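Taking it in order: structure first as C-alpha cells, then the write-up.
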Amino acid sequence: MAVFRETARLRLRDFRSEDGAFIARMNSDPEVMTFLGGPMTDPQQSFDWVERRPPGFWIADVLATGEPIGWFHLRPERQEPFQLELGYRLIRSAWGQGFATEASLALLEVAREWGSPRVVATTDALNLGSRRVMEKVGMRHTADFLYDGKLPSARYEIELG
Ligand SMILES: CC(C)(COP(=O)(O)OP(=O)(O)OC[C@H]1O[C@@H](n2cnc3c(N)ncnc32)[C@H](O)[C@@H]1OP(=O)(O)O)[C@@H](O)C(=O)NCCC(=O)NCCS
C-alpha cells in the first residue's frame, strides 16, 4: 500500500480500485453532498471517478481500524496552478472528531515541504463546517465569489512563506 502521510490517527494513502464501493456509498449520502450538488445516485459515476480521478487525491483510513473515512486533496489550483488547493470529503459517521482538521494540517505541512507559496480552499458560503476547518488550520477568508456565476462561495488562503 502506498502510504503518503500519517497523522496521529489517520493514514493518507493512494486510492485502490476497491475504494470505488466506499466512495459510491459516501457520494450517495444526501447529507455529505448537501453543498456538493446533491447525492450521486449512480454508483458507476463514483467507480469511474476512482479510476480517472486527477492526481493529488488520497484516501484517509483510520489507523486504529484500517477503515476508510473519506478523501483529501492537495492539488494545483485550476486557475493558478502554482498554488495548491486543499479539499476534503468525509463520511457522516466520521464528522465532528477533528479528522478534517488533523489531515488538513498535515497537508499544509506537505505543501510547505514542496515549497508552495500558498494554499487555497473554497467552499459553499453556507458550508459552515468546512469553513470552520479552514479557519482552524489557520487559513484566512480572502474573498466571496459566485461559483459558476451563481453559487455564493467563500475563498480561504494561507501563506506558507
Ligand atoms: C466539512 C467536513 C470535511 C468537516 O469534517 P470534520 O472531520 O467533521 O471536521 P473537524 O471535526 O475537523 O472540524 C469541524 C468544525 O466545524 C464545526 N462545525 C461543523 N458543522 C458546523 C455547522 N453546521 N455550523 C458551525 N460549525 C460547524 C465543528 O464544530 C468543528 O469546529 P470546532 O472544533 O471548533 O467545534 C465534513 O463535515 C464533510 O465531509 N462534509 C461533507 C463534504 C463537504 O462538505 N466537504 C467540503 C466541501 S468544500
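The values are calculated or read from the model by the stated rules, or taken from the named source; none is laboratory data. Bear in mind the structure is a predicted one, so any value in this text is a computation, not a measurement. Please note: Cβ atoms are built from the backbone with ideal geometry, for glycine as well, and neighbour counts cover all protein chains shown.
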All conditions in (1) outside any helix (DSSP H, G or I); (2) away from the ligand (no atom under 16 Å from the Cβ); (3) crowded, with 19+ Cβ neighbours inside 10 Å are true of Phe72 except (2)
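Take region 54-70 and flag every residue that is within 22 Å of Asp148 (Cβ to Cβ), modelled with pLDDT of 95 or more and not small (Gly, Ala, Ser).
Kept after step one, since they are within 22 Å of Asp148 (Cβ to Cβ), are these residues of region 54-70: 54, 56-57.
Now restrict to residues that are modelled with pLDDT of 95 or more: 56-57.
Correct list: Phe57 only.
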Ser46 of a type in the set (Gly, Ala, Ser) and out of contact with any helix residue (DSSP H, G or I) (no Cβ under 6 Å at 6 or more places or on another chain):
no
I need every pair where a residue in region 125-143 that is closer than 20 Å to Val110 by Cβ and in a loop (DSSP other than H, G, I, E, B) has its Cβ under 8 Å from the Cβ of a residue that is within 12 Å of the ligand (Cβ to nearest atom) and among the polar types (S, T, N, Q), sequence separation at least 6 or different chains.
Val137/Thr101; Val137/Ser104
Looking only at region 50-69, count every residue that is surrounded by 15 or more Cβ atoms within 10 Å (Cβ to Cβ) and part of a helix (DSSP H, G or I) and tell me the total.
1
Scope region 84-119; condition assigned to a strand (DSSP E or B) and more than 12 Å from the ligand (Cβ to nearest atom); matching residues:
Leu84, Arg118, Val119
Log entry, pairs with first residue in region 73-92 being farther than 16 Å from Asp14 by Cα, second being within 15 Å of the ligand (Cβ to nearest atom) and modelled with pLDDT under 95, beta carbons closer than 8 Å, six or more apart or on different chains, reads Gln83/Glu77; Leu84/Glu77; Glu85/Glu77; Glu85/Arg78
For region 1-25 the number of residues that are closer than 19 Å to Thr101 by Cα and not β-branched (Val, Ile, Thr) is 9
Could you figure out which of (1) within 16 Å of the ligand (Cβ to nearest atom); (2) part of a loop (DSSP other than H, G, I, E, B) isn't true of Arg16?
(1)
Failed item in (1) under 22 Å from Ser130 (Cβ atoms); (2) surrounded by fewer than 17 Cβ atoms within 10 Å (Cβ to Cβ); (3) among the charged types (D, E, K, R), with Glu85 passing the rest:
(2)
